[in-house]
Amino acid sequence: MPNHFHLLIKQVNEGSVTEFISKLSNSYTKYYNTKYKRVGPLFQGEFKAEVMENDEQLIHVSRYIHLNPLVSYLIKDLKHFEWSSYKEYLSKSSNSLCDKEKILGYFKNSRGYEQFVMDQAGYATELELIKRQLIDEI
């Protein structure tokens, strides 16, 4: 996404997610500032984290994250968005950055997950359009 990113990560130790995000954002900021000869913060505000209360919430958040570039009109086909793990979830390859088995375990196969995601695409896109229209009217 041009102005934010989503990560769905499992916290193993208390505070480990906060520490990871801090190291990630600080390291990337240093890299970016050095590369583009700039100074100062790169990210605005603190990161937001939500605890998944149950498995249903977990799979719906996964779908939300994967649909985000589509409903934001960045792309027309999720399989072509290079900054997403969506292709990994549909791939049979075990050489993956993601531990996708937790999510895919709720579906018969990766095609079932793809159907689950795409079944919400039209509705999510309409909601985003309505949201944008409401903001424009205010």
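Each reported figure results from applying straightforward, stated rules to the coordinates on display, with no laboratory input. Treat the numbers as computed from the prediction; the structure is a model and nothing was measured. All Cβ positions, even for glycine, are placed from backbone atoms using ideal geometry, and neighbour counts span all protein chains on display.
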request  = Go through E88, E82, E126, E114 for me and flag whichever is closer than 23 Å to I9 by Cβ, surrounded by fewer than 14 Cβ atoms within 10 Å (Cβ to Cβ) and of a type in the set (D, E).
outcome  = E82
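Does I75 qualify as being under 28 Å from L129 (Cα atoms) and buried (at least 16 other Cβ atoms within 10 Å of the Cβ)? Walk me through it before giving the result.
Working: under 28 Å from L129 (Cα atoms): yes; buried (at least 16 other Cβ atoms within 10 Å of the Cβ): no.
Taking the combined requirement at face value, the residue does not satisfy it.
Being under 30 Å from F116 (Cβ atoms), part of a loop (DSSP other than H, G, I, E, B) and not charged (D, E, K, R), is that true of even one residue in the stretch 36-43? Spell out how you get there, then give the answer.
In the first step, residues of the stretch 36-43 are kept if they are under 30 Å from F116 (Cβ atoms); the result is none.
Within the stretch 36-43, not a single residue is under 30 Å from F116 (Cβ atoms), part of a loop (DSSP other than H, G, I, E, B) and not charged (D, E, K, R).
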message = Condition first: in contact (Cβ under 8 Å) with a residue 60 or more places away in the chain, part of a loop (DSSP other than H, G, I, E, B) and closer than 17 Å to D119 by Cα. Now tell me which residues in the stretch 66-99 satisfy that.
response = S72
task = State all residues of the stretch 84-118 that are in contact with a Phe, Trp or Tyr (Cβ under 9 Å, 6 or more places away or on another chain) and of a type in the set (D, E, K, R); if no residue qualifies, say none.
result = K87, K100, E114
inquiry  = It is to be established whether one or more residues within the stretch 19-33 are surrounded by 13 or more Cβ atoms within 10 Å (Cβ to Cβ) and of a type in the set (D, E, K, R).
reply    = no
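Given the condition within 28 Å of F107 (Cα to Cα) and either touching a helix residue (DSSP H, G or I) at 6+ places or on another chain (Cβ under 8 Å) or among the acidic types (D, E) (or both), answer yes or no: does some residue in the stretch 30-39 qualify? Before the answer, list the steps.
Looking only at the stretch 30-39, we keep the residues that are within 28 Å of F107 (Cα to Cα), and these are none.
Looking for residues that are within 28 Å of F107 (Cα to Cα) and either touching a helix residue (DSSP H, G or I) at 6+ places or on another chain (Cβ under 8 Å) or among the acidic types (D, E) (or both), one finds none in the stretch 30-39, hence no.
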